[in-house]
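Note sheet for the following structure.
Just so it is clear, none of the values below were taken in a lab; they were calculated from the coordinates. Since the structure is predicted, the reported quantities are computational estimates derived from the model, not experimental observations. Neighbour counts are summed over all protein chains in view; Cβ atoms, including those assigned to glycine, are modelled from backbone coordinates with ideal geometry.
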Amino acid sequence: MGSVLSYESAGGRRYRVMYRTPDHRQTTKRGFKTKREAELYLATVETNKARGEYIDASAARVTIASLGVEWLANQTHLKPSSLRPLEIAWRLQVEPRWGRVPVGDVRHSDVQAWVTSLSAGRSATTVLRAFGVLAGILDIAVKDRRVPVNVARGSRLPRKVPRAHRYLTHQQVHDLAYASGKHEALVLLLAYTGLRWGEVIALRVRDVDFTRRRLAISENAVEVGPATIVGTPKSHKRRSVPFPAFLIDALAGAAAGKEPNDLLFSGRFGEHMKRATRGQRTWFKSALDRAGLEPMTVHDLRHTAASLAVSAGANVKAVQRMLGHASAAMTLDVYADLFDDDLDAVAEALDGAARRSVERSHLAERPSSVMRRPVSAANVLS
């Protein structure tokens, strides 16, 4: 049990509290103006110790900058392409505002004011990423028992507005591919397989199975600053993706004269290709102009592949496997609009099946007002 002792100061009598921390270190807290204040503080300390909720005041004095460096260093589970945006958010938004602030001095109202200020001139994605970095650092502070709660949680955050998907028709895909010149096979492959850009530029000749018409997706190439980092696909899972027979000749042309380990699509010197939409004028943007198409991104060809697959009769599970989504639920979340027509198809299929079944059964011998009566708004309202 701790104790409360008085002492004289320049401002008069003051009180200090002496107690032992859970690890048995002797600690003193000074400056209480009344004995009652000191006793209440001591009671709170002893209660928190008994509940296992004790927070060492000195631990809360470490700055956000110190914890931030440690937090970033521990994000080893992230791929370089995912880590780099967090490092940028830390350097540009988080550290300038919070770096020198002791973790115990961070207040919810201050975090909310910061979020509101950021939201005034930056995209929701930028704000959410910066907030995520600060909140992640404070989560570690809670786990390290530097602060009792994460005061950033519960802040009002901006909402990301989903970008409308662009879907091309078969004719538009082929027009774009033709307008792409030497990149024709690349455009067709993207639009009919749904590969991510990083996956398609990481393909090697050995990954193409012309007999089974399958692509072995095992690598993903991502630009991180000036470098290209090759790792596993986004889901960390290898997959086999089918391609239509009409692509065989185009892919064979892309592979002609290359060794099995060579990149199927590459730059002038055999290196990984750069993003097709980087810069004001690129081969992809020029091809869009020549094909008479509105501006779009290479990733829209992935959306197009999903659209063409669904219109061809592919179910959600097949589309999920083709795109490499973690689950069919994710595919439905991303492409719910593509499956709207399936609802009408289900109703029509059930209607046809019911009519055929009833006509063949003994029920057909009995009058059925439900099956024989035409449906109209008047019937429903009567």
For this session: Please give every one of the lysines within straight-line cross-link reach of K234, meaning a C-alpha to C-alpha distance under 26 Å, and leave out same-chain neighbours fewer than 8 residues apart.
Result: K79, K160, K274, K285, K317
Exercise. Looking at (1) 46, 22, 19; (2) 37, 28, 22; (3) 59, 34, 19, which value of semi-axes √(5λ) of the Cα gyration tensor in Å comes from a calculation on the structure shown?
Worked result: (3)
Exercise. Using the per-residue mean of other Cβ atoms lying within 10 Å as a proxy for protection, in what order, highest first, do the peptides 316-324, 169-177 fall?
Worked result: 316-324, 169-177
Exercise. Taking the Cα atoms of the range 3-54 alone, what are Rg (to one decimal) and Dmax (as a whole number) in Å?
Worked result: 11.7, 37
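Can you tell me, using C-alpha contacts under 8 Å and at least 6 residues apart, the relative contact order of the chain as a whole percent? Present the calculation step by step, with values, prior to reporting the outcome.
Details: 454 pairs, mean separation 44.4, N = 382.
Dividing the mean separation by the residue count of the chain yields 12 percent.
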Problem set entry | Sequence ranges 117-125, 187-195, ranked by mean other-Cβ count within 10 angstrom, highest first | 187-195, 117-125
Problem set entry | From phi via Karplus (6.51, -1.76, 1.60), per-residue ³J(HN,Hα) for the range 252-259 in Hz, x at Gly/Pro | 4, x, 5, 8, 4, x, 10, 7
Exercise. GNM on the chain, C-alpha springs below 10 Å: top fluctuator among A306, A50, A291?
Worked result: A50
Exercise. According to a simple spin-label model (label point 7 Å from Cα along Cα-to-Cβ), what is the distance in nm between A124 and A328?
Worked result: 2.9
Exercise. Which whole-Hz ³J(HN,Hα) couplings does the range 63-70 yield from phi under the Karplus relation 6.51 cos²θ - 1.76 cosθ + 1.60, θ = phi - 60°, glycine and proline marked x?
Worked result: 7, 4, 4, 5, 6, x, 4, 5
For this session: Averaging sequence separations of C-alpha pairs under 8 Å and six or more residues apart, then dividing by the length of the range 170-334, give the relative contact order as a whole percent.
Result: 28
Problem set entry | Per-residue ³J(HN,Hα) for the range 282-290, Karplus 6.51 cos²θ - 1.76 cosθ + 1.60, θ = phi - 60°, Hz, x for Gly and Pro | 10, 4, 5, 5, 5, 5, 4, 4, 5
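Could you grab the relative contact order for the range 189-228? Cα pairs under 8 Å, six or more apart, rounded to a whole percent. Walk me through the numbers before you get to the answer.
Working: 29 pairs, mean separation 13.7, N = 40.
Relative CO of the range 189-228 lands at 34 percent.
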Exercise. So how far apart, in nm, are the two label points at R213 and A227 if each is 7 Å from Cα heading toward Cβ?
Worked result: 4.0
Seminar exercise, completed: Expected max-MSF residue from R100, R30, R214 in the GNM of the chain (alpha carbon, under 10 Å) is R30
